[in-house]
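No lab work stands behind these numbers, since they all come straight from the coordinates. Bear in mind that the values here come from a model prediction, so they are computed numbers and not experimental data. Positions of Cβ are generated from backbone atoms using ideal geometry, with glycine treated the same way; all protein chains shown enter the neighbour counts.
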Amino acid sequence: MLELFKIGFLEVRWLDVIDVLITAFLLYKVYDLLKGTVAINIFLGIIAIYILWWLCSRVLDMKLLGGILGQFIGVGVLALIIVFQQEVRRFLILLGSKNIFKNSRIARRFFIKGFQFDSESKTDLKPILKACTSMSKTKTGAIMVIERKTDLNFYAETGDVLNADLSKRAIESIFFKNSPLHDGAIIISGNKIKAARCVLPVTDNTELPAQYGMRHRAALGITEQSDAVAIIVSEETGAISVAVDGKIQTNIEPEDLEQHLHEIL
């Protein structure tokens with residue numbers, strides 16, 4: 001690899017620049033996944049222990065304390081996997097999907113356009129859009145999860161498996177307040193309602209506004225652990241929200257929902 005430039009005795013190569021950029025990008029993604037959660041405090045605690053170990057063993061030559069901290073760091077990889085199980089899962093899902101490039105104009109130009117990704121949604125959005133518009137007017141609470149590449153069978157099995165055709169009438173019937181299936185989420189796969197009354201994981205984000213109810217927290221939870229898209233209709237206000245990649249956009253007008261979903265899917 002050709003030398004790029006030289007600072008004193010230090011030679012900087014193109015490979016070194018690429019190495020730093022990739023490392024910085026991955027560290028930013030890890031921070032982006034952890035920020036706003038309890039896990040960020042644990043992560044900072046681990047960094048503090050590592051710095052203390054480095055000072056004790058390399059600078060201050062405190063052998064006893066350095067040895068104890070060294071033993072702790074020696075099993076740190078296993079501890080990290082156990083403590084950050086959900087975050088590791090989310091990070092691997094992120095790396096395994098094209099969503100890692102979606103907010104980068106350069107990445108979209110050189111990577112996404114260079115490969116043929118199947119980005120076309122297999123789900124007919126019209127029944128969902130019509131149902132959301134109708135339920136928003138009547139303030140009927142609902143949460144709909146659209147399956148993408150991540151298999152959601154585990155969550156579908158927590159509810160009642162339907163495999164029913166996707167339609168506006170079916171969605172409204174499920175979320176009708178006197179329906180036995182209205183309490184929980186529906187999971188949509190292709191043009192089928194795979195299951196209803198499903199239990200979703202709740203986000204552990206501690207910085208959410210107080211007005212977010214359990215539907216919004218469940219929508220964030222499922223999108224943190226998969227690449228699914230969750231649509232929420234508030235029972236209190238009738239407002240429509242969309243969650244994806246662990247982030248939520250609220251107060252979407254019914255007439256703007258179609259364009260918003262097409263951009264995501």
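Using a basic spin-label model with each label point 7 Å from the Cα along Cα→Cβ, how many nm lie between THR237 and ALA210?
A separation of 1.5 nm, rounded to one decimal place.
Within 10 Å, count the other beta carbons around each residue, average over each peptide in 232-241, 171-180, and list them highest first.
Values: 232-241: 18.6, 171-180: 16.0.
Per-residue Cβ counts within 10 Å, averaged per peptide and sorted highest first, yield 232-241, 171-180.
What is the distance in Å between the Cα centres of the range 220-247 and the range 175-203?
The range 220-247 and the range 175-203 have Cα centres separated by 13 Å.
What is the gain in length, in nm to one decimal, between LYS63 and GLU157 on full extension, counting 0.36 nm per residue of separation less the C-alpha to C-alpha distance? Provide the component values of the computation, followed by the final result.
On the way: separation 94, 0.36 × 94 = 33.84 nm, distance 5.35 nm.
That pair, LYS63 and GLU157, stretches by 28.5 nm at full extension.
Is any residue of the range 162-205 close enough, with backbone N under 11 Å, to a label point placed 7 angstrom from the Cα of SER134 along the Cα-Cβ axis, and if so, which?
167-176
Ordered by residue, what ³J(HN,Hα) values in Hz, to whole numbers, does the range 246-256 give under the Karplus form 6.51 cos²θ - 1.76 cosθ + 1.60, where θ = phi - 60° and Gly and Pro are x?
x, 10, 10, 10, 9, 6, 7, 5, x, 6, 9
Fewest first, what order do TRP54, TRP14 take by the number of other Cβ atoms within 10 Å? Please list the in-between numbers first.
Values: TRP54 14, TRP14 11.
The fewest-first ordering by Cβ neighbours comes to TRP14, TRP54.
Using Cα pairs closer than 8 Å and at least 6 residues apart in sequence, work out the relative contact order for the range 108-264, in percent.
Worked out over the range 108-264, it gives 26 percent.
If I stretch the segment between TYR31 and ILE51 completely, what's the gain in nm (0.36 nm per residue apart, minus their alpha carbon distance), one decimal? Walk me through the numbers on the way to the answer.
On the way: separation 20, 0.36 × 20 = 7.20 nm, distance 1.83 nm.
Full extension from TYR31 to ILE51 adds 5.4 nm.
Which whole number in µm²/s is D for the range 126-264 by Stokes-Einstein, with the Kirkwood Rh taken over Cα pairs at 4 °C and 1.567 mPa s?
Rounded to a whole number, D works out at 89 µm²/s.
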